[in-house]
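Just below is one structure, and these are the notes that go with it.
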Amino acid sequence: MSSTKDRQRAAARARLEKEMAERASAARKRRQRQAIIGSALAVVVIAGAAFFVVQAMKDDKTTEAAAPDSSASADPAANVPPAGPGTVNCVWTPADESGGGKVKDVGLPPVNVPNTGKSTLTFETNLGAISADIDLSKAPCTGASFKHLAEKKFLDNTKCHRLVNKDGFKVLQCGDPFATGEGYRDTDGTGGPSYTMVEENLPTDEKKPYPAGSIAMANTGQPGSTGSQFFICSEDTVLPANYTLLGTINKGLDIVRNVVKAGDDGAFEPSPGGGRPKTEVLIKTMTLAAA
């Protein structure tokens, strides 16, 4: 018969083994989630192509096109006067299709934009209206981008192209101007506007970075690669704090939840994860107005 000390050592060893197994399981799930989202959350990578490219360095031709004369600086913000009270200057980086993605040319938003007040972003969809509150003091440049895109009817008659319904990761992703027409295409999720911008208003709550009802911006995983694609969290979603928090859904979250619950076709498994929504979400119109 084993001694009391033997039994204690066995019990301690069992507890340690259990703790190590739980830690390994948690680490594995964390790695899987990060592998799923990373740059893949930003874009549905088809044959390694991203939906837009951030130009870290421009060649002479691009620089000349961006500058009014040869003496102008290559920095888009260098010749912009300092922002006045209630405004901020945004940097819009021109994007092209050299990375294999698709770009819809809508020009650039204004450089100087408001950083006070609130706006309401509304998507009229085939399932009903979905709207969100945007605080321009937290995400002024992203808010200005959506105002510009709404005025250009950039996302009118486009479909949400991706859905993920996993524990701790439940999102509906939209924002590709080329995701139109009947059915889905392999290229859905690779489109964006003719510019990218710097991320802003990144989450500070590590435990609940993207709460239920959050609307946040997708990106390629590289700094300054935010475009037009966004995702709506139907439930609390744990992701790295790399994605701009644009606002909070104030109407239509039940629509998003029902779409997420209906599931996806698994087209993007195992990487980047999820698939095309089984319940089609068509954005008929997108508008942004002062609250």
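Taking a probe of 1.4 angstrom, what is the accessible area of residue 108 in Å², to the nearest 10?
Per-residue accessible area (residue 108): approximately 90 Å².
First check a/c for segment 148-208, with a ≥ b ≥ c the square roots of the eigenvalues of its C-alpha gyration tensor; if it is under 1.5, answer rounded, and if not, answer prolate when a/b is larger than b/c or oblate otherwise. Walk me through the numbers on the way to the answer.
Values: a/c = 2.55, a/b = 1.29, b/c = 1.98.
Since a/c reaches 1.5 but b/c is at least a/b, the shape of segment 148-208 is classed as oblate.
What's the carbon and sulfur percent of segment 166-291's accessible surface, probe 1.4 angstrom, rounded to a whole number? Provide the component values of the computation, followed by the final result.
Numbers: 2490 of 5020 Å².
The value for segment 166-291 is 50 percent carbon and sulfur by accessible area.
Just reorder 176, 135 by solvent-accessible area, largest first, 1.4 Å probe, all chains present.
Ranked list, largest accessible area first: 135, 176.
Per residue, how much accessible area does segment 190-256 show when a 1.4 Å probe rolls over the protein heavy atoms, in square angstrom? Before the final figure, lay out each step's value.
Numbers: 2280 Å² over 67 residues.
Counting only protein heavy atoms, the per-residue value for segment 190-256 is 34 Å².
Would you please give the FRET efficiency between residue 137 and residue 205, computed as 1/(1 + (r/R0)^6) with r the Cβ-Cβ distance and R0 = 22 Å, to the nearest 0.05?
On the way: r = 18 Å, r/R0 = 0.83.
So, using R0 = 22 Å, E works out to roughly 0.75.
Assuming a ≥ b ≥ c are the square roots of the Cα gyration tensor eigenvalues, decide whether segment 151-291 counts as rounded (a/c under 1.5), prolate (otherwise, with a/b larger than b/c) or oblate.
Because its axes are fairly even, with a/c under 1.5, segment 151-291 counts as rounded.
Using a 1.4 Å probe, what is the accessible area per residue for segment 145-189, in Å²? If you can, show how the numbers build up before the last one.
Numbers: 1690 Å² over 45 residues.
Heavy-atom accessible area per residue stands at 38 Å².
The values are calculated or read from the model by the stated rules, or taken from the named source; none is laboratory data. Fair warning: this is a prediction, and the values are worked out from it, not measured in the lab. Neighbour counts are summed over all protein chains in view; Cβ atoms, including those assigned to glycine, are modelled from backbone coordinates with ideal geometry. Side chains are part of the model used for accessible areas, which takes the heavy atoms of the whole protein and leaves out ligands, DNA and RNA. Shrake-Rupley method; radii C 1.70, N 1.55, O 1.52, S 1.80 Å.
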